[in-house]
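Inspection log for the structure reproduced underneath, given as structure tokens.
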Amino acid sequence: MDGVEDLVLAACLEDQCFDRQCEGSRAEWMYGLFKGTPAYPRFVGPILAALADNADDRDGDQLRELASLMGRNGDLQAASALRNFVWAQTFSAATVLGATDICALDGIPAVLEMARRLGRVVQQDPDAWVDTVDRLIDHTPPFDTVFAELKRVAAGDEAVAAYVAREEARIASDTAHDRSHESQAARDKRRGEELMNQNPCDAILAAATRKSAGRGLFLLFGRWAGEEDLIRILDHLRVEPDPKVSEKLLWIFRRATLPYLDEHVWELASHSASDVRNAAVMALSNLSDPRVYALGRERLADPRFSSEFSEELAQFKNNFQPGDETLILAALERQSVDGDEAHALGSSAVDLCTSARSPALAGVAQWVYRTNPCSICRRQAVEMLMEWDRLPAHIAAECRYDASEDLRALVGATP
């Protein structure tokens, strides 16, 4: 910890993970950096003070998990602070902050008290959403052990009984619709077939006019649509006056290859609205075509290229030629970016590396590694460098201590 205490403490107080939902928690790894060290007392006060004041955000999630880990290792002050925080909340139809952490700290007694308080919420509002047993225990201790104890206590506790009844109804519903044995490929195929059996073109065209329609539906349609359906979408695009609707219909061609280089899609790739332009560029990127290749080179050479138009890199996925790496890397090196902007560029750049799979892109992969805040993108960059036998020794050494367990494992580090 010599010389880095300030950095580690700052990273405890403010989660450095770019996307916690995808990358997972770093709390246990962070805890391992100061656990049992002479610097430990310096960490306790700031962490617990921040815990008391923190709201529902990812920094708070990390602080509560750190307090739980510290408490489980015998820190009575941390255990008390977490208990005070969790049980002082007003329980309602929402996620209880620190529920999993307090149950990990205090075990089944905490689960029982949590069930009792959540059961009172259900008694007042039978339709209220409350945390499930799975969310409370995170699989430790075993579900069956915990649920057997909940049922035993429910016999003499109406609030716990209300919670158990809710859980039993959920379990019965999940069992009736259980597809846990289904592979991801089979699940995607089933969902695609279900969609394509519902007059999909009309449904997709109608969905494009709804503000609430998300990208997933259009990507799914693109994955399974036939050429006739795609041509019909292109016909509609030519006469669609609303840029927002056009953007949604263009999302289809992220998963589907254009039947031909459509002139209207080509025009939309220069649209004044960046979202429409980017969606059209992504549609074109699935084509191996000299015009698409020339457009990509033109856009990356333009001094105005920025993270706002990171999708332009995709035009090289199916059109990359030796020597293009110089232009691509120069365009990336011109950028002074961090955070979301760095991730936008880095994500597009690593997608290019994994699509073109040319060792000539080793410099691009190294740019992604040193620039992208996302550990998933960095891992993909390292994977490509290893595949090409171009992983520099200093990066390999650094990866052995990365926050990402997957990245540490990739280079053969001992966890």
Next item on the list: Calculate how steeply helix 158-176 sits against the longest principal axis of the alpha-carbon atoms of the chain, using the helix alpha-carbon long axis, and give the answer as 0 to 90 degrees to the nearest 10.
Entry: 30 degrees
Checklist line | the stretch 349-372 and the stretch 222-288: distance between their alpha carbon centers, rounded to Å | finding: 26 Å
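Ignoring ligands, DNA and RNA, how do 229, 6 rank by accessible area with a 1.4 Å probe, largest first? The partial results should precede the final answer.
Values: 229 40, 6 100 Å².
Reading off the accessible areas and sorting them downward yields 6, 229.
Write down the Å³ per residue value for the convex hull defined by the alpha carbon atoms of the stretch 71-162. It would help to have the intermediate numbers written out before the result.
On the way: hull volume 8.1 nm³, N = 92.
Convex hull of Cα atoms, per residue: 88 Å³.
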Next item on the list: Please pull out the direction-averaged projected area of the chain, using the convex hull of its alpha-carbon atoms, in nm² to one decimal place.
Entry: 24.5 nm²
Notebook entry, point to check: Taking only Cα atoms, what is the 0 to 90° angle, nearest 10, from helix 58-72's long axis to the longest principal axis of the chain?
Noted result: 40 degrees
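Quick one: ranking 384, 282, 1 by accessible area, 1.4 Å probe, largest first, what do you get?
1, 282, 384
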Check: If you line up the Cα atoms of the stretch 257-415 on their principal axes, what length do they span on each, largest first, in Å?
Finding: 54, 28, 25
Next item on the list: Between 100, 132, 175, find the one with the highest GNM mean-square fluctuation for the chain; connect C-alpha pairs within less than 10 Å.
Entry: 175
Check: In sequence order, what are the phi-derived ³J(HN,Hα) couplings for the stretch 40-52 according to the Karplus relation 6.51 cos²θ - 1.76 cosθ + 1.60 with θ = phi - 60°, rounded to whole Hz, with x for glycine and proline?
Finding: 3, x, 5, 7, 4, x, x, 5, 6, 5, 5, 4, 5
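For Cα pairs less than 8 Å apart in space and 6+ apart in sequence, what is the mean separation divided by the residue count of the chain, i.e. the relative contact order in percent?
With pairs under 8 Å counted, the relative contact order is 9 percent.
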Next item on the list: With θ set to phi - 60°, apply the Karplus curve 6.51 cos²θ - 1.76 cosθ + 1.60 along the stretch 104-115 and write out the HN-Hα couplings as whole Hz, x wherever there is a Gly or Pro.
Entry: 5, 6, 10, x, 4, x, 5, 4, 4, 5, 5, 4
Item checked: Helix 324-333 axis, angle to the chain major axis (alpha carbon atoms, nearest 10°) -> 50 degrees
Next item on the list: Express the accessible area of the chain per residue in Å², computed with a 1.4 Å probe while the remaining protein chains stay in the model.
Entry: 50 Å²
Check: With Cβ to Cβ distances under 15 Å as the rule, what net charge do the other residues near residue 288 carry (K, R +1; D, E -1)?
Finding: +2
Notebook entry, point to check: Rounded if a/c is under 1.5, else prolate if a/b beats b/c, else oblate: with a ≥ b ≥ c from the C-alpha gyration tensor eigenvalues square-rooted, which is the stretch 10-86?
Noted result: oblate
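What is the sum of charges, Lys and Arg at +1 and Asp and Glu at -1, for the other residues whose Cβ falls under 14 Å from the Cβ of residue 42?
Neighbour charge sum, excluding residue 42 itself: -3.
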Margin query: Which of 366, 89, 335 ends up with the largest GNM mean-square fluctuation for the chain, with Cα atoms connected below 10 Å?
Written below: 89
Notebook entry, point to check: Pick from 228, 311, 383: which is most flexible by mean-square fluctuation in a GNM of the chain where alpha carbon atoms under 10 Å apart are linked?
Noted result: 228
Item checked: the chain, helix-only ellipticity at 222 nm - DSSP H runs n ≥ 4, -39,500 (n - 2.57), divided by all residues, nearest 500 -> -19500 deg cm²/dmol
Item checked: GluC sites (Glu not before Pro) within the stretch 1-104, DSSP loop, no more than 14 other Cβ atoms inside 10 Å -> 14
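The values are calculated or read from the model by the stated rules, or taken from the named source; none is laboratory data. Keep in mind the model is a prediction, meaning the values are calculated, not measured. In this analysis, Cβ positions are derived from the backbone assuming ideal geometry, glycine residues included, and neighbour counts consider all displayed protein chains. Ligands, DNA and RNA are stripped out before the accessible areas are found, and what is left, the full protein with its side chains, is counted by its heavy atoms. Shrake-Rupley method; radii C 1.70, N 1.55, O 1.52, S 1.80 Å.
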